[in-house]
Amino acid sequence: MHNRIFFLMGNKTYLVTGGAGFIGSALCKTLVKAGNVVVNLDNFNDFYNPAIKKNNVAPLQSHPHYHLYQGDIRDKELLDRIFRSYQIDFVIHLAALAGVRPSIETPLLYEEVNVQGTIRLLNAMKRHKVRHLVFASSSSVYGNSTRVPFREDDPLEKVISPYAASKKSAEAYCHVFHHLFGINVVALRFFTVYGPGQRPDLAIHKFTRLILNGEPVPFFGDGTTRRDYAYIDDIVNGIATAAKLVGSGNPVFEIINLSGNKPVTLLEMVHQIERATGKKAVLRHLPMQPGDVTQTYADISKARQLLEFYPGTPFEKGIEHFVNWYLSLHSR
């Protein structure tokens, strides 16, 4: 699978926004390895420690096909400078303010970055006649839908956080620019992505750290909430094949779920980390948090059909890979 994707991706120029984050840095490494030019635009914000993002892309800094710009997707002049400097073939738009719970405190900021920032990027693509976009959306747009598994054509009537609303709005603007200006778009609704390099604020990373340190683990609800986890390598492959789809030469606007296609309860996730670490969790039971959904579960039949997407890493193996990475990182 990897070799076939590398062949299809080679010798192109990609603008990756948010390319120093967890998913973005893994994608940039894959694209460069495949023989592409990668332009990474990232503002290294302090949602979590910017030093982690700098470390993510440090191995790429000396590569002649990798170019890093520290800046904001809302900066029109910077966007124009990048598009003038490179003949961009594909834009992979990963940059966003993340996090459901923080968005409840600052909804206007999330709208400004995630919606207005996306519009500014789309306008820059229109100005510079770049027609191929892969946009990172989120399973959060399904909210507390009771229809499972979640399908891309489900009505999005249960959005329950500003973060989710911002992603839903950005998807709509992507369609507007496709309809009016012929920009081909694949919007990928990522379900919970995990694996080596995962952000420290996300549950698997946080729980692993707390369990290994013997500290209490915040355990929201009764443990029956479920998440459809997606392993990082599978997500990178999905993005790569989505780029192939938008560059097919045909008019394209598609919204596609990407997930591991096997929901895992909160309790099972804790058990798998306990197994991989060899340590027992100390649980601190807490009520459900505002904005949190009770379950996520993707129908990925469309991803199978259009992207030949078949998740290749079982959850227990993915947790083992993550814990091994975490232990190697913290033994240095």
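Just so it is clear, none of the values below were taken in a lab; they were calculated from the coordinates. Only a predicted model underlies this, so the values are computations on that prediction, with no experimental measurement involved. Virtual Cβ from ideal backbone geometry, glycine too; neighbours counted across all protein chains shown.
Across the range 1-120, the mean sequence separation of Cα contacts (distance under 8 Å, 6 or more residues apart), normalised by length, yields a relative contact order of 29 percent. Under 19 Å of direct C-alpha separation, and excluding same-chain neighbours fewer than eight residues apart, Lys206 reaches these aspartates and glutamates: Asp46, Glu215, Asp222, Asp228, Glu268, Glu274, Asp292, Glu316, Glu320.
Pairs of Cα atoms nearer than 8 Å and 6+ residues apart set the relative contact order; for the chain it is 18 percent. Using the Cβ-Cβ distance between Ser85 and Asp154 with R0 = 41 Å, the FRET efficiency computed as 1/(1 + (r/R0)^6) comes to roughly 0.50.
Put a dot 7 Å past the Cα of Met288, heading toward its Cβ, do the same for Lys33, and the two dots end up 4.0 nm apart. Placing +1 on the Cβ of every Lys and Arg and -1 on the Cβ of every Asp and Glu, with no other charges, gives the range 192-274 a dipole of roughly 140 debye about its Cα centre.
Full extension of the chain between Asp46 and Ile104 yields a length gain of 19.1 nm, computed as 0.36 nm times the residue separation minus the alpha carbon distance.
For the range 131-170 versus the range 235-256, the spacing of their alpha-carbon centroids is 18 Å.
Just check the range 80-162 against the gyration tensor rule for me: Cα atoms, a ≥ b ≥ c as the square roots of the eigenvalues, rounded for a/c under 1.5, and otherwise prolate or oblate depending on whether a/b exceeds b/c. Oblate, since a/c reaches 1.5 and b/c is not below a/b. On the basis of the beta-carbon distance and an R0 of 35 Å, Ala58 and Thr146 show a calculated FRET efficiency of 0.20. Using DSSP, restrict attention to beta bridges with both residues in the chain and report what percent are antiparallel, rounded to the nearest 5. Of all bridge pairs located within the chain, approximately 5 percent are antiparallel.
Using Cα pairs under 8 angstrom and six or more residues apart, how large is the relative contact order of the range 175-312, in percent? Normalised by residue count, the contact order of the range 175-312 is 37 percent. The magnitude of the dipole of the chain, with charges of +1 and -1 set on the Cβ of Lys/Arg and Asp/Glu and taken from the Cα centre, is near 600 debye.
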